[in-house]
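This report concerns only the one structure given below.
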Amino acid sequence: MKYKDVTRFEFRAFATNLIPVKRKLEALATGEEQSPSRETYIVTRLNIDANVKIRGEHLQVKGLKARFQMLEQWEPLFGKKLPVSSEDVENFVFPPLGLDVDLGYATHLAEEALLALVSEQPALATVEVDKGRTLFDLGDCEAEFCALEIGEERLQTVAIEAVEAEAAKRTIADLGLEAAQNESYASFLQRRLF
């Protein structure tokens, strides 16, 4: 998404059928289908303030900065191609997940080693999410329609992102989502796992 490296307001809804919302998006802009992806989320039972995932050999961390009415404001905290240093994990990955872990050694961690380290932490879990995403550029905001596979379950999610809160709120209204619950991946996956 075009706002991935900036602090932005987000709204996300999950459901089994969001095709009517996708049709409204298609009436507003041409969708750009993305290559299917498998993303591994690292989820904590300690908070819902951090979104940590591995996508395409990149480790990405964003943190919840504020809540504003129906929106959440998220900021990028860390992003690096794997492998990452143990210092990066100690300083930028575990703290947002609510952990203070001293690894006690300096090394670089590839994906497998990082996930093994995560599996040793009782407060953490991982989940793989297969995504088929379509992005919609709406000018002052961007929307995403995504078909999800989490294990055997098939779901859909729609997200709105904008630098300005009012732009996001207008799009939410245009799509008829004012009554929908805003739930980040961090919150949604935590509820499912724990």
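The values are calculated or read from the model by the stated rules, or taken from the named source; none is laboratory data. Because the structure is predicted, anything quoted here is derived from the model rather than measured. Virtual Cβ from ideal backbone geometry, glycine too; neighbours counted across all protein chains shown.
Checked against the criterion of being of a type in the set (A, V, I, L, M, F, W, C) and at pLDDT below 95, the candidates 93, 101, 84, 89 yield just one match: 101. Of all the criteria given as (1) basic (Lys, Arg); (2) at pLDDT 95 or above; (3) closer than 20 Å to residue 148 by Cβ, the one not satisfied by residue 8 is (3).
Looking across the range 26-57 at every residue that is among the charged types (D, E, K, R) and part of a strand (DSSP E or B), the one that is surrounded by the most Cβ atoms within 10 Å (Cβ to Cβ) is identified as 53.
Quick check on my filter: what residues within the range 94-108 are touching a strand residue (DSSP E or B) at 6+ places or on another chain (Cβ under 6 Å) and among the hydrophobic types (A, V, I, L, M, F, W, C)? Walk me through how you get there before you give the answer.
Kept after step one, since they are touching a strand residue (DSSP E or B) at 6+ places or on another chain (Cβ under 6 Å), are these residues of the range 94-108: 96-98, 108.
Result: 97, single match.
Going through 123, 186, 165 one at a time, which residue ends up being closer than 21 Å to residue 62 by Cα, among the hydrophobic types (A, V, I, L, M, F, W, C) and in contact with a Lys or Arg (Cβ under 6 Å, 6 or more places away or on another chain)? None of the other options fit; the residue is 123.
Being over 14 Å from residue 135 (Cβ atoms), over 20 Å from the mean Cα position of the chain (by Cα), loosely packed, with under 15 Cβ neighbours inside 10 Å and basic (Lys, Arg) is a description that applies to residue 23. Can you confirm whether residue 82 is among the hydrophobic types (A, V, I, L, M, F, W, C), out of contact with any helix residue (DSSP H, G or I) (no Cβ under 7 Å at 6 or more places or on another chain) and farther than 19 Å from residue 125 by Cβ? So residue 82 fails the test.
Please work out which one of (1) among the hydrophobic types (A, V, I, L, M, F, W, C); (2) within 13 Å of residue 70 (Cβ to Cβ); (3) surrounded by fewer than 20 Cβ atoms within 10 Å (Cβ to Cβ) is the condition residue 168 fails and give its number. In the conditions (1) among the hydrophobic types (A, V, I, L, M, F, W, C); (2) within 13 Å of residue 70 (Cβ to Cβ); (3) surrounded by fewer than 20 Cβ atoms within 10 Å (Cβ to Cβ), residue 168 misses (3) alone.
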